[in-house]
Amino acid sequence: MGNKNTIIWIIVVVIIIILGVVVVGNRKAQAPANVQNQTQEESTAEEESLPNNEVLPIGNNQSEGSANTDTQVSSTAIVTYTDEGFSPSTLEIKLGDSVMFVNESSGGMWVASGPHPTHTLLPSFDQKKTVQTGGTYTYTFTQAGEWPFHNHVKSSEFGKVIVK
């Protein structure tokens, strides 16, 4: 009788180990649902190191004497989120331009419009989920105005996008 119980327990343990290997193997094969990985799009804006409070104009930069055409070229500005907050914290873009928020912090990032926690100022400007380090969120601004934003996970971290 004792040998029978031992054999049954060994079989149960082996089945549990096999199930564990299968479940862990499936999790590694799938990308995490809350991390959005995107490659950075080519931007026509120059990258500059600016203090957190400075406004960064983004858009179609033309040198003096170049012809101005009626076609609007949209750009993608990049805002990084670190443990110190958003950088740049305020930026100016043109209508139709996009902003890519990149999480380089040690915590989560969930970008959303003000006010916290309702995000009603510009409801479509809401990531609606948290991404971890390396995750991104891109939003295209189709309305002119000043749009304050914050990290819903850490609402003391905020910034503003000015769309002209």
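The values are calculated or read from the model by the stated rules, or taken from the named source; none is laboratory data. Quick caveat: nothing in here was measured; it's all calculated off a predicted structure. Here the Cβ positions follow ideal geometry from the backbone for every residue, glycine too, while neighbour counts run over all protein chains shown.
Count of region 94-109 residues, restricted to those that are buried (at least 23 other Cβ atoms within 10 Å of the Cβ) and either modelled with pLDDT under 95 or assigned to a strand (DSSP E or B) (or both), is 4.
Here's the yes/no breakdown for (1) more than 24 Å from Q143 (Cα to Cα); (2) part of a loop (DSSP other than H, G, I, E, B); (3) at pLDDT 50 or above:
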{"position": "I15", "(1), (2), (3)": "yes, no, yes"}
{"position": "L19", "(1), (2), (3)": "yes, no, yes"}
{"position": "N26", "(1), (2), (3)": "yes, no, yes"}
{"position": "Q40", "(1), (2), (3)": "no, yes, no"}
{"position": "Q72", "(1), (2), (3)": "no, yes, yes"}
{"position": "I78", "(1), (2), (3)": "no, no, yes"}
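For region 88-119, the set of residues classified as within 13 Å of the chain's Cα centre (by Cα) and within 17 Å of I162 (Cα to Cα) consists of S98, V99, M100, F101, V111, A112, listed by residue number. Looking across region 120-153, the residues that are over 15 Å from L95 (Cα atoms) and more than 15 Å from the chain's Cα centre (by Cα) come down to T120, L121, P123, P148. Hey, does region 54-62 have a residue that's among the acidic types (D, E) and at pLDDT below 95? Looking through region 54-62, at least one residue is among the acidic types (D, E) and at pLDDT below 95.
Restricting attention to region 125-142, the residues that are surrounded by fewer than 20 Cβ atoms within 10 Å (Cβ to Cβ), assigned to a loop (DSSP other than H, G, I, E, B) and touching a residue at least 24 places away in the same chain (Cβ under 8 Å) total 6.
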